[in-house]
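Scroll down for the structure; my scribbles are underneath it.
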């Protein structure tokens with residue numbers, strides 16, 4: 001049964017047009033965001049209440065909502081943001097931003113059948129080709145500094161000897177891959193940045209993408225790498241996973257063909273995604289221990305399968 005909302009969140013629900021609201025708290029997400037499924041007399045909404053980390057990032061919040069609004073107006077199946085009764089995007093709860101989205105039908109699936117993986121790749125290609133509002137200063141950027149320079153520098157603080165040499169040499173290889181891709185045109189622009197299987201719901205009509213909280217501007221391959229994460233470990237050996245990854249890339253390139261340099265850099269971006277995650281966890285996860293976990297990441301990098309392997 002839904003629980004009664006605490007008064008402050010109930011007030012926020014009212015700002016989005018819901019009265020007599022009840023809620024089940026569904027998820028505590030990235031950097032402390034809280035998501036509630038809210039049911040009122042007028043229907044249902046998802047409310048997202050941000051943590052204090054987001055207080056100084058209003059441009060990031062607004063860009064996500066405006067981009068989603070733009071994509072839904074173009075008929076693309078992404079989660080739809082909801083305005084307040086006064087026409088804005090953001091309500092407040094004790095100084096914390098609160099936003100709302102229409103409920104999303106369906107459920108996540110994993111692994112995906114090849115036809116579904118291809119459909120999701122096609123959808124991501126269409127999202128990347130769709131025009132987007134201009135990203136203001138303060139929006140997350142997934143560029144060379146964020147994906148490579150910062151995590152490499154962080155890792156070197158906790159590695160020594162041969163480990164440090166391997167880390168540095170791998171960094172130079174990844175830097176060369178990044179340098180081959182232009183930072184303008186179709187290869188660089190707005191990205192979802194977290195397109196893993198739990199952020200896609202499936203219905204009879206196909207996929208619907210949600211949770212654009214980490215969206216920003218960067219290399220489009222970063223979005224592909226988020227879905228291709230099984231390529232970095234033994235997950236790739238599970239039945240159907242290799243075929244799923246290939247179908248996803250095939251679907252994407254049928255809509256937005258990759259540049260030759262992008263095709264060559266796909267493996268590099270799976271590594272870059274892992275580096276970025278390591279640095280991100282170190283920044284906010286209280287369970288992350290750099291002296292223990294950074295060497296652990298390097299050990300995993302060395303154990304990558306096939307062409308992803310980091311060589312000593």
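The values are calculated or read from the model by the stated rules, or taken from the named source; none is laboratory data. Not measured: the values here are computed from a predicted model. Neighbour counts run over all protein chains shown; Cβ positions are idealised from the backbone, glycine included.
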For residues in the stretch 157-174 being under 26 Å from the mean Cα position of the chain (by Cα) and surrounded by 15 or more Cβ atoms within 10 Å (Cβ to Cβ), which is farthest from residue 267 (Cα to Cα)? 167
Which residue is modelled with the lowest pLDDT, if the candidates are limited to the stretch 95-112 and must be surrounded by fewer than 18 Cβ atoms within 10 Å (Cβ to Cβ) and out of contact with any helix residue (DSSP H, G or I) (no Cβ under 6 Å at 6 or more places or on another chain)? 95
Got at least one residue in the stretch 77-92 being over 17 Å from the mean Cα position of the chain (by Cα), assigned by TED's automatic domain parsing to the domain that holds residue 256, surrounded by fewer than 18 Cβ atoms within 10 Å (Cβ to Cβ) and in a loop (DSSP other than H, G, I, E, B)? no
From the options 137, 133, 151, residue that is in contact (Cβ under 8 Å) with a residue 60 or more places away in the chain, in a loop (DSSP other than H, G, I, E, B) and more than 23 Å from residue 210 (Cβ to Cβ): 137
Is it the case that the stretch 195-214 has a residue that's within 15 Å of residue 269 (Cα to Cα), buried (at least 18 other Cβ atoms within 10 Å of the Cβ) and free of Cβ contacts under 8 Å to residues at least 40 places away in the same chain? no
Going through the stretch 28-69 in order, the residues found to be on the phi > 0 side of the Ramachandran plot and out of contact with any helix residue (DSSP H, G or I) (no Cβ under 8 Å at 6 or more places or on another chain) are 43
So residue 269 fits all but one of (1) at pLDDT below 95; (2) under 30 Å from residue 61 (Cβ atoms); (3) touching a helix residue (DSSP H, G or I) at 6+ places or on another chain (Cβ under 6 Å); what number is the exception? (1)
